[in-house]
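The values are calculated or read from the model by the stated rules, or taken from the named source; none is laboratory data. Since the model is a prediction, treat every value here as computed from it, not as a measurement. When we count neighbours, we look across all protein chains shown, and the Cβ atoms used for this are built from the backbone with ideal geometry, even at glycine. Surface accessibility is based on the protein's heavy atoms, side chains included, excluding ligands, DNA and RNA. Shrake-Rupley method; radii C 1.70, N 1.55, O 1.52, S 1.80 Å.
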Amino acid sequence: MDHNDLKASEFNKIVGQRILKQRLNKKLTQTKLAKELFVTFQQVQKYEKGINGVSGFRIKQLSLALEVPVNYFFDYPITVIDGKLCSPNVPVDNNQNVSKREPQDKQLDTNKERSE
């Protein structure tokens, strides 16, 4: 059953688009941003194109350099179906296990209900 799972490469492209958008809003060149991150401008290009993923540490650096909160890079709807991340346009069947929370949070909720 294909749920149109959100692949790492798609996720990287979304984050990269956010980096590019804010870099342009701040009127920064890739070279200037790269210097603030202590990486090469080629690395910034790879982030923006979604070729390379961005680590949590680098996201924190980017949030400071681009003057945005960390969640700026992740602020879009995420759906979890049967423990898999899915893109927002996934058709939802009422019989499916759907949550906008992490699967482990859902498990905690289930355990809470059992103890009550």
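Restricting to segment 47-61, name every residue that is closer than 11 Å to Leu20 by Cα and in a helix (DSSP H, G or I). Lay out the reasoning, then the answer.
Kept after step one, since they are closer than 11 Å to Leu20 by Cα, are these residues of segment 47-61: 47-50.
Tyr47, Glu48, Lys49, listed by residue number.
Kindly provide the set of residues from segment 3-29 that are open to solvent by 40 Å² or more (accessible area, probe 1.4 Å), among the polar types (S, T, N, Q) and in a helix (DSSP H, G or I), ordered by number.
Ser9, Gln17, Asn25
So, in segment 37-81, of the ones that are buried (at least 19 other Cβ atoms within 10 Å of the Cβ) and of a type in the set (Ser, Thr, Tyr), which residue ends up modelled with the highest pLDDT?
The selected residue is Tyr47.
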